[in-house]
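Before any comments, here is the structure.
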Amino acid sequence: MRIDHLAVRNFKNLRDVHLDFDASRLETVIIGQNGTGKSNVLEALATIFRDLDDPRRETDFAYDITYQCKGRKVRIDHRHSDVASTIATIDGKPTPMSVIRARDSDFLPNHVFGYYSGESDRLRTIFDPPQRRFYDAAIEVGADEKLDPRTSSLRRLFYVRERYGALALLTYFAFADNEAQAFLKRHLGVGQFDSALLTLRRAEWGKRKPVGEALAKSDSRFWYARGIVRKLLDGLWTHSLTPIRHKESVSEDYRRAGASEEQIYIYLRDEQALRSLAAPFRDEQTFFAYLETLDLSDLVRTIRIWVTREGASEAIPFHEISDGEKQLLSVLGMMRFAAHDESLFLLDEPDTHLNPAWKWNYLSFIKEVAGRNENCHVVMTSHDPLTIAGLEKSQVQVLFRGRDNEVKAAQPAVDPKGLGVSGVLRQIFGMATTLDAETQKLVDDRNALLALPTRTELEEADLFALNNKLDSLGLAYQSGNPAFEDFLRSMHRADQGGRGPYTPEEVEAQNRFMQEIVEGLR
């Protein structure tokens, strides 16, 4: 699954916006100033594939998308004003939309994943309808006998939920994968699994005793739970040290009084208990899928995991690690355990809470994990120069406002790779300077004096003082080079229109202008 081209004609602030993706690369990063619509691009893609997956829905905006999927080239030109005139082709041949939208379609990605690191629910709500369909199917009586939670026919769209990090960590330790455990140790400092405590609660659907077939095919130990989750619940009861029933006063909101809630404590005392629980599921992907049904069935109150960590004398609880570590585990766990080949990942600012070293390595992490699945595409937004510093320009899309104030998209003028952080900020993000405002004013004042054809004694003294000040800051300039002074004069005269941020077109124009100055000085 690789997207070639997307044109969005009228979705939020995206009006006739065209994005050309490099379909030969795993990742595409979308950057731009706040308010240009980076998140809207991901929301548009999520909406398009959600609606293609559900024949009952029609996308309420016009778009034109071309993508490669399972060795075929698919194009859909959806004209919202006249749905009947929507044009679909496969390898250039006209194709009925019913073929593309079939439940077992070979012309849609196997899975589409969404993730947002912040608190907004805009992206999540797009995934709610397919999540609800999966939930309804998963808790059906007898679902455990006929449904496989891993199949795309049951659910094609996933949204990464808050608990995915904990579920991923359990799955990492449940199978003796040296590569995975080496990754945890190398990047997170996590050594061994110590223990886990799962607090399960009585869900809303468990407040009535079922009858008939529903009673026969439910688990009375867990409030008559039914559906796919039964197999996992049976294992949890078997491998828990001693399941404990308990009632707890729980308050969902400080403005409301606490309510009594029935709970069951499931304690996995060591790694052997965890591996025994996971053994019947045979592989990581299956075990993770069943763990997720535990959360989707609304049975989980909390999951607490204790791990050993380098430098710590005793086991530490997973919930005390940083937000960045949790989010990294959530995204990478999703990619490793839930994704199949031909998947699309839509990640909205996944690097927000990461430290600089992890931001610098983030796309390497993704390539290491997602690259295990052939023909996947990662489309993510970012504000951080460290994240994109190793990319080529074909892997980056810059959103900006043109002179008509309409949002446009373009590749940067140059490759981010090799520019360094300062160069990326200037050449890719369009910043006029990477210095703080006070220091930049010193540089501007110095350059203004240097640009003068002649200087008075007072101006020479001011220039001397400014050079000394900048020298102490590591920004020394040695006068005496006439060609360089001519260059500064030309740049100073041209740089009177503002301080950016500049669009890709303006950055490219500046680069051409500087090259012309240099050529003129030779």
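The values are calculated or read from the model by the stated rules, or taken from the named source; none is laboratory data. The shown structure was predicted, so the numbers you read here are calculated from the model rather than taken from an experiment. Cβ atoms come from the backbone with ideal geometry, glycine included; neighbour counts cover every protein chain shown.
What to note about this one:
- Residue pairs meeting the criteria (Cβ under 7 Å; at least 6 apart or on separate chains; first free of Cβ contacts under 8 Å to residues at least 60 places away in the same chain, in the range 451-463; second in a loop (DSSP other than H, G, I, E, B)): GLU459/LEU452; LEU463/ARG455
- Among the numbered conditions (1) closer than 16 Å to LEU291 by Cβ; (2) under 28 Å from the mean Cα position of the chain (by Cα); (3) at pLDDT below 85, the only one that TYR172 does not meet is (3).
- Single match in ARG275, ARG269 (criterion: over 30 Å from GLU368 (Cβ atoms) and either surrounded by fewer than 16 Cβ atoms within 10 Å (Cβ to Cβ) or of a type in the set (Lys, Arg) (or both)): ARG269
- Exclusive hit being modelled with pLDDT of 85 or more, surrounded by fewer than 23 Cβ atoms within 10 Å (Cβ to Cβ) and touching a Gly at 6+ places or on another chain (Cβ under 9 Å), set ASN361, ASN355: ASN355
- Selection from the range 211-237 of residues that are without any contact (Cβ under 8 Å) to a residue 60 or more places away in the chain and either of a type in the set (A, V, I, L, M) or not in a strand (DSSP E or B) (or both): VAL211, GLY212, LEU215, ALA216, SER220, ARG221, TRP223, TYR224, ASP234, GLY235, LEU236, TRP237
- Subset of the range 280-316 (residues that are of a type in the set (A, V, I, L, M), surrounded by 15 or more Cβ atoms within 10 Å (Cβ to Cβ) and either over 23 Å from VAL250 (Cα atoms) or more than 27 Å from the chain's Cα centre (by Cα) (or both)): ALA289, LEU291, VAL307, ALA315, ILE316
- When residues of the range 376-414 are limited to those that are of a type in the set (D, E, K, R) and under 19 Å from ASN361 (Cβ atoms), the one surrounded by the most Cβ atoms within 10 Å (Cβ to Cβ): ASP384
- The conditions of being surrounded by fewer than 16 Cβ atoms within 10 Å (Cβ to Cβ), at pLDDT 90 or above and within 23 Å of ALA23 (Cα to Cα) are met by LYS417.
- Residues of the range 94-127 that turn out to be surrounded by fewer than 18 Cβ atoms within 10 Å (Cβ to Cβ), among the aliphatic types (A, V, I, L, M) and in contact with a Ser or Thr (Cβ under 7 Å, 6 or more places away or on another chain), as a count: 1
- The lone exception for THR28 - which of (1) exposed (fewer than 15 other Cβ atoms within 10 Å of the Cβ); (2) among the polar types (S, T, N, Q); (3) closer than 25 Å to CYS376 by Cα it fails: (1)
- Residue match in the range 238-256 (condition: at pLDDT 95 or above, part of a helix (DSSP H, G or I) and either loosely packed, with under 15 Cβ neighbours inside 10 Å or in contact with a Ser or Thr (Cβ under 6 Å, 6 or more places away or on another chain) (or both)): yes
- Cross-chain or 6+ apart pairs with Cβ under 8 Å, the range 96-107 first and closer than 17 Å to SER343 by Cβ, then of a type in the set (Gly, Ala, Ser) and assigned to a loop (DSSP other than H, G, I, E, B): ASP104/SER153
- Test: LEU470 is surrounded by 13 or more Cβ atoms within 10 Å (Cβ to Cβ) and hydrophobic (A, V, I, L, M, F, W, C): yes
- ASP60 meets the conditions (1) in contact (Cβ under 8 Å) with a residue 40 or more places away in the chain; (2) within 25 Å of the chain's Cα centre (by Cα) in every case but one. The failed one is (1).
- Residues located in the range 414-428, provided they are β-branched (Val, Ile, Thr) and assigned to a helix (DSSP H, G or I): VAL421, VAL424
- Members of the range 440-468 that are of a type in the set (A, V, I, L, M) and part of a helix (DSSP H, G or I): LEU442, VAL443, ALA448, LEU449, LEU450, LEU458, ALA461, LEU463, ALA465, LEU466
- Number of positions in the range 153-178 that are outside any helix (DSSP H, G or I) and surrounded by fewer than 20 Cβ atoms within 10 Å (Cβ to Cβ): 8
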